[in-house]
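This report refers to the structure that appears directly beneath it.
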Amino acid sequence: MQHMFSFEEGNKDMKDLLGGKGANLAEMMNLGLPVPPGFTITTDVCNFFSDAQTRTGHGDYPAGYTEQLEEKLQELERKMGKKLGDPENPLLVSVRSGAAISMPGMMDTILNLGLNDATVLGIVARTGNERFAYDAYRRFVNMFGDVVLGVAHEHFEEKMDLMKGARGVSADTELDAEDLRELVVMYKEVVRVHAGVEFPSDPREQLRMAIEAVFGSWMSERAVLYRRINHVPSGVRGTAVNIQSMVFGNMGETSGTGVAFTRNPSTGAAEFYGEFLMNAQGEDVVAGIRTPQSIEELGNVMPDVYAQLLGAKDALERHYGDMQDIEFTIENGRLFMLQTRNGKRTAHAAVKIAVDLVNEGLLTREEALMKIDANALNQLLHPRIDTGARRDVVTRGLPASPGAACGRIVFSPQDAEEWVARGEKVILVRRETTPEDLGGMHVAEGILTAMGGMTSHAAVVCRGMGKCCVAGCASISVDKHLKVCAIGDLLLREGDVITLDGSTGEVMLGEMPMIKSEISGDFFEVMRWTDDIRAMRVRANADTPHDAAIAREFGAEGIGLCRTEHMFFDEARIDTVREMILARDLPTRVIALGKLLPFQREDFYGIFKAMNGYPVCIRLLDPPLHEFMPQTDGKIAELAVRMRVPFEQLKLVTESLHEVNPMLGHRGCRLAVTFPEMYEMQVQAIIEAAILARKEGIVVMPEIEMPLISSTNELKMLRELALRVIRKFEAQHGTLDFAYKIGSMIELPRACLTADHLAEYADFFSFGTNDLTQTTWGISRDDVGKFMSEYLTQGVLERDPSETIDRRGVGELMRMGVEKARSAKPDIEIGICGEHGGEPASVEFCHSIGLNYVSCSPFRVPIARLAAAQAAIKDRDSRVHGGVIVMPATPRIPSVISG
Ligand code: PEP
Ligand code: MG
């Protein structure tokens, strides 16, 4: 088995085996770019080493490893005409880790390995540059001491400061060869004192120890934690080790080093973007000791090298078809390429670069789309904090809904509404939010909660509203009566100004400068491509005409979920809803429902109008009725007076309605089994609104949806109820001139298991993965965030299934639901409207099981459009390359939106 590969033997597609760094060094070398020779020890060796470490407490190497290492070393020595440890003409190497994914927290780099008291003299003799030789030596002892022997960098810094003080200089460049030679002695003493060992002088021993340190760092606490937090699957391969002959940027005034992006990573502009420092080695550019010069300056300093660098930059971009992040060194006027990788970029830059690369003929549209991180599009859709601004972060919570918001803090929804009416901008701070807070949430710039997770009420509602939210900020204690909150020692009062960053979870004091987001031409261009490619349609979850209009702007092809209860919380309506709930007989209830009907009709009409030509799926009343009732004794007392009922009676009714999570009792369709007249009113309002809209030439496609169905009989009964209302209507007003559908949410495991039977009574299904996740996992929505995050940190879970569809639970049930439903009714339309419908990995899964559409909050529609296109491209590519064949998605209706 081959345990290591010379750069000539590798290529960019060997990332799993050679790590990102090794694979790209190999690729650059094979492109004919000037790369210092070297070789890569594979990730397999790391895995072998880590397994042995876990089993026996110390790492080990596979058979043949030592021999191969010696062979590769000798091959390198031959190429370089130098030998490791040769006092006459010593070879020096760098040792760097490089996993398949970029992995902070791991041992990174050792430069100048191979130096000792003898070889340093060889370097002096060869270069005639004593200062350079001892500078390299003291850096090596420092780095090796730090990363291999675990001696804190500050101990070396102390000695450096002592030396600078003694010589009366302020920069290390002012120390001469003799000073640096003395420093080497002092640094070795530091190692002896703090590590308790002699600094190893044998270069082969140095190399052995450095390799072992790289492999050991793969399982270090920091690296393991990083992988856990970032959901890197535990099976992912370890790191590779790159051993490369050194080139020196610190040989004098014709040497230097730099880092650059082939395009501007924040704007995407096609300009070379980077920095360099003459007479410097690797870390000096980023260490900030000297101020680096801007890359185009290199054209003045060394025109030939710059021209060569520009050539390399263009070659790399063309070759990789993507913006590159490169590192180079110039040794005595000769350019060497040390690293290339796809450059990190803002969403704004990602979109511009994608369009430019297609226009420049470097990429096809499909290839360009695959290079954009769908989630990052969030940055383009919400206002954001000016990147240049200094952040005064006081605490941090969960980044529950992206964007940034700034305003005065208030502690109740009522105060929010009052303050906003006075012209103030507010941030609503709550322990947690409930449906009663909706009014205040609606007017607030952003929401901050102390409790709750990524699927808490605050998080879900804010994402729906496209409003910034930081949730579950455990370090805040809120006292809504005193109207204060405490973050550690810091006390914030009503009216204090804070800024929230919903994309990072940061909470800052004062007002931060904001940049309003724009949907640029490039962005629309990219979105247009996605529409030509994806198989699934993308709808939006929207409850109001206003949200429906935003959804259309973002390209939604219909409403996938209109939660009718959200219309009930409006101040003008809530008491009528309560009258209906408290009605003791049918006639009283019907009177109250009659008052609600015009409100609902008006809302539905507005939504139909905004969605002209697209389907609108309206879910009939779902939540348990206690959510509409006041929650505190004070509020109950107020309502008792308004309604002229005794306090005790009202309190009793409210308590009797109370449902606990996971709410499987008197909610959803079961409300209508007991009170059919509620759904009758809603169906009537939908049909009347559709007729009104039709009269104005609007094309309506209403879909009437039953929530929380668990039994076939429920659906049968409610379908008949809806049809009865419609037929009665037709008997009075003539046949309807539009098509409608009646269908069901699938949000309980049993509905998945019986989808073939349910299909008999449904024209469509929509997966409600919020409830389906809770009921599959057997936990309540409030607990999802807390439970999942605890499980994540304990390593019980690799990913939070409330954020992405959990394939061995919820996902498996969905797959079964789709198969069963289509076995009974092949053409049945199936979508998803839970929060997962806007999450890229879940969108990909939905494509793979053949859903017709995904539905998500309006602000996630562009993300879902891109994710659906990416899923279709991957699917097609895997067919072409003989990969796993997945169920075909049904053909989509072309979108008319093109921006
Ligand atoms: C769901 O359960 O996924 C759903 C969309 O319904 P709600 O979030 O309103 O319970
Ligand atoms: Mg639900």
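The values are calculated or read from the model by the stated rules, or taken from the named source; none is laboratory data. All of these numbers come straight from a predicted model, not from anything done at the bench. Ideal geometry is used to build each Cβ from the backbone, glycine not excepted, and the neighbour counts take in all protein chains shown. When the accessible area is computed, the model is the full protein with side chains, heavy atoms only, and any ligands, DNA or RNA have been set aside. Shrake-Rupley method; radii C 1.70, N 1.55, O 1.52, S 1.80 Å.
The one condition from (1) open to solvent by 20 Å² or more (accessible area, probe 1.4 Å); (2) assigned to a helix (DSSP H, G or I) that A136 does not meet is (1).
Is there a residue in the stretch 343-351 that is of a type in the set (D, E, K, R) and surrounded by fewer than 19 Cβ atoms within 10 Å (Cβ to Cβ)? Yes: one or more hits.
In the stretch 516-536, the qualifying residues are those that are outside any helix (DSSP H, G or I) and closer than 16 Å to A347 by Cβ, and the one that is most open to solvent (accessible area, probe 1.4 Å) is K516.
All conditions but one from (1) among the aliphatic types (A, V, I, L, M); (2) surrounded by fewer than 20 Cβ atoms within 10 Å (Cβ to Cβ); (3) in contact with a strand residue (DSSP E or B) (Cβ under 9 Å, 6 or more places away or on another chain) apply to A315; the one that does not is (3). Considering every residue within the stretch 723-741, establish whether at least one is in contact with a Cys (Cβ under 9 Å, 6 or more places away or on another chain) and either within 16 Å of ligand 2 (Cβ to nearest atom) or open to solvent by 10 Å² or more (accessible area, probe 1.4 Å) (or both). Scanning the stretch 723-741, I find at least one residue that is in contact with a Cys (Cβ under 9 Å, 6 or more places away or on another chain) and either within 16 Å of ligand 2 (Cβ to nearest atom) or open to solvent by 10 Å² or more (accessible area, probe 1.4 Å) (or both), so the answer is yes. Residues considered: E565, E557. Of these, the only one that is closer than 20 Å to Q631 by Cβ and out of contact with any His (no Cβ under 9 Å at 6 or more places or on another chain) is E565.
Could you say which residue among V577, V653, V590, V616 is within 16 Å of ligand 1 (Cβ to nearest atom) and touching a residue at least 24 places away in the same chain (Cβ under 8 Å)?
Answer to the check: V616.
Scan the stretch 359-391 for residues that are open to solvent by 30 Å² or more (accessible area, probe 1.4 Å) and within 19 Å of G321 (Cα to Cα) and the total you get is 11. Which members of the stretch 76-128 meet the condition of being within 24 Å of K21 (Cα to Cα) and open to solvent by 50 Å² or more (accessible area, probe 1.4 Å)? Selection gives R78, K79, M80, I101, S102, P104, D108. Taking the criterion of being away from ligand 2 (no atom under 16 Å from the Cβ), on the phi < 0 side of the Ramachandran plot and out of contact with any helix residue (DSSP H, G or I) (no Cβ under 8 Å at 6 or more places or on another chain), the residues of the stretch 661-702 that qualify are T674, R694, K695, V699, M701. May I ask you to verify whether E627 is within 16 Å of ligand 2 (Cβ to nearest atom), open to solvent by 10 Å² or more (accessible area, probe 1.4 Å) and under 22 Å from A572 (Cα atoms)? So E627 fits the description; yes.
Just give me the residues in the stretch 544-566 being open to solvent by 10 Å² or more (accessible area, probe 1.4 Å), within 16 Å of ligand 1 (Cβ to nearest atom) and closer than 26 Å to F845 by Cα, in sequence order. Residue satisfying the conditions is R563 alone. Mind checking which residues of the stretch 463-515 are outside any strand (DSSP E or B) and more than 21 Å from R384 (Cβ to Cβ)? Residues satisfying the conditions are G472, A474, S475, K480, H481, L482, K483, G488, D489, E494, G495, D496. Kindly indicate whether H658 is farther than 21 Å from A549 by Cβ, touching a helix residue (DSSP H, G or I) at 6+ places or on another chain (Cβ under 6 Å), within 16 Å of ligand 1 (Cβ to nearest atom) and not aromatic (F, W, Y). No, not satisfied. Can you find even one residue in the stretch 732-746 that is within 45 Å of the chain's Cα centre (by Cα), within 16 Å of ligand 1 (Cβ to nearest atom), under 18 Å from R670 (Cβ atoms) and aliphatic (A, V, I, L, M)? Yes, the conditions are met somewhere in the stretch 732-746.
Residue check: L596 meets all listed conditions (1) open to solvent by 50 Å² or more (accessible area, probe 1.4 Å); (2) touching a helix residue (DSSP H, G or I) at 6+ places or on another chain (Cβ under 7 Å); (3) among the aliphatic types (A, V, I, L, M) but one, namely (1). Filter the stretch 177-188 down to the residues that are among the acidic types (D, E) and open to solvent by 80 Å² or more (accessible area, probe 1.4 Å) and list them by number. If the condition is that a residue be among the acidic types (D, E) and open to solvent by 80 Å² or more (accessible area, probe 1.4 Å), then E178 is the only one that fits. Of the residues examined, S744 is not one that is in contact with a Lys or Arg (Cβ under 7 Å, 6 or more places away or on another chain), within 16 Å of ligand 2 (Cβ to nearest atom) and open to solvent by less than 50 Å² (accessible area, probe 1.4 Å). Selection of the stretch 40-73 for residues being more than 22 Å from N11 (Cα to Cα), assigned to a helix (DSSP H, G or I) and open to solvent by 50 Å² or more (accessible area, probe 1.4 Å) yields F48, D51, Q53, T54, R55, T56, T66, E67, E70. Only one of the numbered conditions (1) in a helix (DSSP H, G or I); (2) closer than 30 Å to F738 by Cα; (3) open to solvent by less than 40 Å² (accessible area, probe 1.4 Å) is violated by K609, and that is (3).
When you check E655 against the structure, is it modelled with pLDDT of 85 or more, among the charged types (D, E, K, R) and open to solvent by 50 Å² or more (accessible area, probe 1.4 Å), yes or no? No; evaluated as a whole, the condition is false for this residue.
Find the residue count for the stretch 217-246, including only residues that are among the polar types (S, T, N, Q) and either assigned to a loop (DSSP other than H, G, I, E, B) or within 25 Å of A841 (Cα to Cα) (or both).
3
Scanning the stretch 282-310 for residues that are outside any helix (DSSP H, G or I) and either of a type in the set (F, W, Y) or modelled with pLDDT under 95 (or both) yields a count of 8. Scanning the stretch 819-845 for residues that are open to solvent by 10 Å² or more (accessible area, probe 1.4 Å), at pLDDT 95 or above and of a type in the set (A, V, I, L, M, F, W, C) turns up just one, A824.
Does the stretch 643-652 include one or more residues that are touching a His at 6+ places or on another chain (Cβ under 7 Å), closer than 26 Å to I574 by Cβ, outside any loop (DSSP other than H, G, I, E, B) and of a type in the set (A, V, I, L, M, F, W, C)? Within the stretch 643-652, not a single residue is touching a His at 6+ places or on another chain (Cβ under 7 Å), closer than 26 Å to I574 by Cβ, outside any loop (DSSP other than H, G, I, E, B) and of a type in the set (A, V, I, L, M, F, W, C). Scanning the stretch 398-417 turns up no residue that is of a type in the set (K, R) and part of a helix (DSSP H, G or I). Residues in the stretch 612-621: is at least one in a helix (DSSP H, G or I), polar (S, T, N, Q) and farther than 25 Å from M706 by Cβ? No: the stretch 612-621 contains no residue that is in a helix (DSSP H, G or I), polar (S, T, N, Q) and farther than 25 Å from M706 by Cβ.
Would you confirm, using the coordinates I've provided, whether E557 is assigned to a loop (DSSP other than H, G, I, E, B), in contact with a Phe, Trp or Tyr (Cβ under 8 Å, 6 or more places away or on another chain), away from ligand 2 (no atom under 16 Å from the Cβ) and not aliphatic (A, V, I, L, M)? For E557, the condition - assigned to a loop (DSSP other than H, G, I, E, B), in contact with a Phe, Trp or Tyr (Cβ under 8 Å, 6 or more places away or on another chain), away from ligand 2 (no atom under 16 Å from the Cβ) and not aliphatic (A, V, I, L, M) - is met.
One residue alone among V232, V241, V236, V224 is surrounded by 19 or more Cβ atoms within 10 Å (Cβ to Cβ) and either over 20 Å from G22 (Cα atoms) or not aromatic (F, W, Y) (or both), and that residue is V241.
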